[in-house]
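> Got a structure for you, questions after.
Quick note: the coordinates plus some simple rules give every number you see, no bench work behind them. This one's a predicted model, so the numbers in the text were calculated from it and none came from an experiment. Glycine gets a Cβ as well: all are built from the backbone with ideal geometry, and neighbour counts include every protein chain shown.
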Amino acid sequence: MDYFILSALDVVQKELLLFASLCFIIGSIDDIIFDMMWIIHSIKRRLLIYTRYDRAFVEQLPVSDRTQPLAIFVPAWHEASVIGAMLRRCLYQWDYGDYRIYVGCYPNDNDTIAAAANAASGVENIRIIVCDDNGPTSKADCLNRLWRALCEDEILESISFKAIILQDAEDLVHPKALNLFDYLIDRVSLVQIPVIPRRASRSIWVAGHYGDEFAEMHGKQMVLREALGVSIPSAGVGCAFRRDALGRLSARMRGKPFDATSLTEDYELGLNLTEGEARGIFARLKDQNGQWVATQEFFPDNFEDAIRQKSRWMIGIAFSGWDRLGWKSCWRENWMRLRDRKASFAALVVALAYVAILLSGFLHIMALADIYQPRPISVILKIMLVCNGLFLLWRLTIKGYFVFSLYGLKEALLSVPRTFVANMINILAARRAMIEYLKILSGAPLRWEKTSHFHPDVIDVKRLRPTDSVRRNL
């Protein structure tokens, strides 16, 4: 190979290593500061609160003084395979009395309508709402149709709902979730409970990496966000919005509180409802069996669906979120939004780092073959690489701790090699997100790019154990 080409590759390798190392150090310092704040927060709670008061269980919560019904919104597009099981499970497990489930379907999706109608047969508290337009439109458009149906019911029946709860058609909802929402929503505008990913046994790597990410996100990041007093983003499932707060937002949005021009309307809605003087709660509470009151759901089990889903998140949060939500005057709020939006840039840096690693291997082979002798790495770059190695060890340890706490030792050990899988998905998702975002800027309409949902281990709802894949001793 030409010496000039090898020399150029050598320069590129050194520059990529330097750039990636610098970016990783900046990002790692940010992460370590966040980790330290969470550790201090956790220690303070253990020493100052849990030594004085016993941890409460969800069964110990008093009944709310405000006896109003709860509404559950379930948007459904091509969900015939799962919607029936989900509805029957809710009816069977929930012991909360006064609620109504609104299922949003589309006129060109007869299979989902039939499956939902079959589950709702003979049941009074399930309403099937057919959207005005053929699907898929957007998830927000479907939710706005459900909102309109709820408002019509309130007028016709002279009732007033207390809260609107969002769930997906594949969710496994804790039996006491409605009780928790009913108690806490009196105090705040938004209540979010943890989301616990489950996976089919065949998808150790792709679906498994969601468990790694959510274990840390809902075990640490959301906890500290609430402690810092900043706005709480909604996860789109397992969240309750107070009816009057959503009504005020609806009045400002011309009767459509869910923004159909956003790909992550749930994330934006949570921030809009809990900013300023309003508050949100991230509720981490267990039942008497030691299980989290949480929403469990199955995430994509193949690369294509995972890339499509994560690219949608990146578009909505990182790209559109920057334009649509902007920044605030509060440094804590801006810090959290910056952390939300750095995913796409981080994926780019990781991609460049992998290129640098490949070039390093190639140049090493050239040196062993006595074809080209690469220039030595500078002392500063060596120090930066060592620091990044230590930061990586810290990051894997922190993530492993949260995965171990939720799923056990086996999954914690798997979370280490799954980091590479997660990086590959994020890199490809960032590439796709950039392309799709440019299409949106050029005027392309938003479409509901949902992923296929499944329940590989759900056969008989009465035999279902909703926490089979989660440790019993949480």
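> Given labels modelled 7 Å from the Cα in the Cβ direction, how far is it in nm from Val123 to Thr261?
Calculated label separation equals 3.7 nm.
> Can you work out the PRE-style zone for Val416? Point 7 Å along Cα to Cβ, and I want the residues of region 185-205 with backbone N under 20 Å.
Inside the label zone: 204-205.
> Looking at the square roots a ≥ b ≥ c of the eigenvalues of the Cα gyration tensor of region 206-284, which shape do they give, rounded for a/c under 1.5, prolate if a/b is larger than b/c, or oblate?
On the way: a/c = 2.68, a/b = 1.52, b/c = 1.77.
The shape class here is oblate.
> Report the local net charge at Asp266: Lys and Arg +1, Asp and Glu -1, summed over other residues whose C-beta lies under 12 Å from its C-beta.
For residues surrounding Asp266, the net value is -2.
> Separate question: Size of the dipole of region 108-246 about the Cα centre, Lys and Arg at +1 and Asp and Glu at -1 on the beta carbon, nothing else charged, in debye to 20?
The dipole magnitude comes to about 520 debye.
> Something else about it: Lys/Arg Cβ at +1, Asp/Glu Cβ at -1, dipole of region 146-270 taken about the Cα centre: which of Val223, Leu178, Ala207 is farthest positive-ward?
Val223
> By its C-alpha gyration tensor, with a ≥ b ≥ c as the square roots of the eigenvalues, how is region 56-120 shaped: rounded for a/c under 1.5, else prolate for a/b larger than b/c, else oblate?
Since a/c reaches 1.5 and a/b is larger than b/c, the shape of region 56-120 is classed as prolate.
> Want the number for Leu48 to Phe4: 0.36 nm per residue separation, take away the alpha-carbon distance, what's left? Intermediate results must be reported in sequence, preceding the final value.
On the way: separation 44, 0.36 × 44 = 15.84 nm, distance 6.52 nm.
Here the segment from Leu48 to Phe4 would lengthen by 9.3 nm.
> Could you give the length gained on full extension between Gln288 and Asp65, defined as 0.36 nm per residue of separation minus the Cα-Cα distance, in nm?
Separation in residues times 0.36 nm, less the Cα-Cα distance, equals 78.0 nm.
> Here is a follow-up. Could you give the dipole magnitude of region 321-443 about its Cα centre, charging the beta-carbon of Lys and Arg +1 and that of Asp and Glu -1, in debye to the nearest 20?
360
> Taking all pairs of different Cα atoms in region 4-52, averaging 1/r and flipping that mean, what Kirkwood radius in angstroms comes out? Don't skip to the end; give the middle numbers.
Numbers: mean 1/r = 0.0720 Å⁻¹.
For region 4-52, the Kirkwood estimate is 13.9 Å.
> What number, rounded to the nearest 500 deg cm²/dmol, is the helix-based mean residue ellipticity at 222 nm of the chain, given -39500 (n - 2.57) per DSSP H run of at least four residues and division by all its residues?
Dividing the helical sum by the residues of the chain leaves -17500 deg cm²/dmol.
> Further question on the same structure: Which whole number of Å³ per residue matches the convex hull of the alpha-carbon atoms in region 92-156?
Dividing the Cα hull volume of region 92-156 by its residue count gives 105 Å³.
> Let me ask you something else. What is the extension gain from Cys330 to Leu385, computed as 0.36 nm multiplied by their sequence separation minus the C-alpha to C-alpha distance, in nm to one decimal? Walk me through the numbers on the way to the answer.
Values: separation 55, 0.36 × 55 = 19.80 nm, distance 3.40 nm.
Roughly 16.4 nm would be gained on extension.
> How far apart, in nm, are the 7 Å Cα→Cβ label points at His41 and Glu152?
Between His41 and Glu152, the simple spin-label model gives 4.2 nm.
> About its Cα centre, how strong a charge dipole does the chain have in debye, to the nearest 20, once Lys and Arg get +1 and Asp and Glu get -1 at the Cβ?
1160
> In this model, which of Lys14/Lys220; Lys139/Lys410; Lys162/Lys286; Lys342/Lys439; Lys220/Lys410 are farther than 26 Å apart at the alpha-carbon?
Details: Lys14/Lys220 35 Å; Lys139/Lys410 36 Å; Lys162/Lys286 23 Å; Lys342/Lys439 21 Å; Lys220/Lys410 21 Å.
Pairs exceeding the cut-off: Lys14/Lys220; Lys139/Lys410.
> On a C-alpha basis, how far is the centre of region 314-336 from the centre of region 25-51 in Å? Whole number, if you could?
23
> Hey, another quick one. For region 248-349, report the % of Cα-Cα distances exceeding 24 Å. Let's see the in-between values first.
Values: 2040 of 5151 pairs.
Tail of the P(r) past 24 Å holds 40 percent of the pairs.
> Once Rh for the chain is found with the Kirkwood sum over Cα pairs, what is the Stokes-Einstein diffusion coefficient at 4 °C and 1.567 mPa s, in µm²/s?
54
> Then there's this: According to a simple spin-label model (label point 7 Å from Cα along Cα-to-Cβ), what is the distance in nm between Leu22 and Ser442?
Between Ser442 and Leu22, the label points sit 3.3 nm apart.
> Hey, another quick one. Using Cα centres only, tell me the gap between region 118-195 and region 5-23 in whole Å.
If you average the Cα positions of each part, the centres end up 53 Å apart.
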